[in-house]
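Some notes on the structure that comes next.
The values are calculated or read from the model by the stated rules, or taken from the named source; none is laboratory data. All figures in this text were calculated on a predicted structure; none of them were measured in a lab. Counting neighbours? That spans all protein chains shown, and the Cβs are built from the backbone with ideal geometry, glycine included.
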Amino acid sequence: MADVSMPRLSDSMEEGTILKWLKSDGDEVKRGEELVEIETDKANMTYEADSDGTLTIVAKEGDTLPVGETIARLGDGSEPPEDTSADEEEMEAILDDAMAEIDDPTKQAALEKKLEKEFAREYHLITRDDRLESIAKDLVEHFLGRGFQGKAMVVCIDNLVKGAAGQAVQNFNVAFGFDERLGLN
């Protein structure tokens with residue numbers, strides 16, 4: 001099955017809106033036949049099929065998609081159409097389940113143990129106190145020392161490192177007097 005992508009119908013076109021399908025899902029299409037009417041940044045234009053095949057519509061009328069995104073597929077008719085209709089509620093449920101699993105403290109601990117076992121040497125190098133202190137010192141000196149008053153985001157490999165890095169940043173805030181200057185005490 002060949003993908004039919006949102007075409008670039010003008011030099012400045014970044015996205016297009018499907019205005020109207022000129023063929024229906026399951027129709028046999030010949031190369032050169034008009035498939036779809038697309039609204040671009042400059043005009044409404046029709047797009048022709050690049051090849052022969054059975055049309056499977058992916059994008060609905062009214063959908064706005066970036067150039068290159070799949071809007072339909074053309075197959076030989078022998079292949080069953082792919083199920084691309086995973087509804088948002090189902091996807092949200094899957095995402096919620098995944099997030100609950102990630103946030104589960106028992107699974108977090110097991111993941112940390114596995115990480116520590118598989119990457120013991122690297123893990124030790126990353127989580128050494130002197131390394132965390134060096135990172136914390138850099139954060140405090142360069143971020144707060146330049147007059148930025150706000151928050152920085154630091155990605156840590158696990159909760160242990162997050163706690164240790166956070167404590168190190170607090171210690172350096174106190175050492176440099178930023179806690180008083182910023183009203184953090």
Seminar exercise, completed: Scanning the stretch 43-74 for residues that are more than 19 Å from ASP11 (Cα to Cα) and either among the hydrophobic types (A, V, I, L, M, F, W, C) or in contact with a Cys (Cβ under 7 Å, 6 or more places away or on another chain) (or both) gives ALA49, LEU55, ILE57, VAL58, ALA59, ILE71, ALA72, LEU74
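For VAL29, are the conditions met, namely being closer than 13 Å to PRO7 by Cβ and of a type outside the set (Lys, Arg)? Reasoning before the result, please.
Values: closer than 13 Å to PRO7 by Cβ: no; of a type outside the set (Lys, Arg): yes.
Considered against the rule, which asks whether it is closer than 13 Å to PRO7 by Cβ and of a type outside the set (Lys, Arg), VAL29 comes out as no.
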For this session: Report the residue count in the stretch 5-33 for those that are over 30 Å from the mean Cα position of the chain (by Cα), surrounded by 14 or more Cβ atoms within 10 Å (Cβ to Cβ) and not in a loop (DSSP other than H, G, I, E, B).
Result: 1
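Inside the stretch 7-35, can you point out the residues that are of a type in the set (A, V, I, L, M) and modelled with pLDDT under 90?
Once the filter is applied, which keeps residues that are of a type in the set (A, V, I, L, M) and modelled with pLDDT under 90, the stretch 7-35 yields LEU9, MET13.
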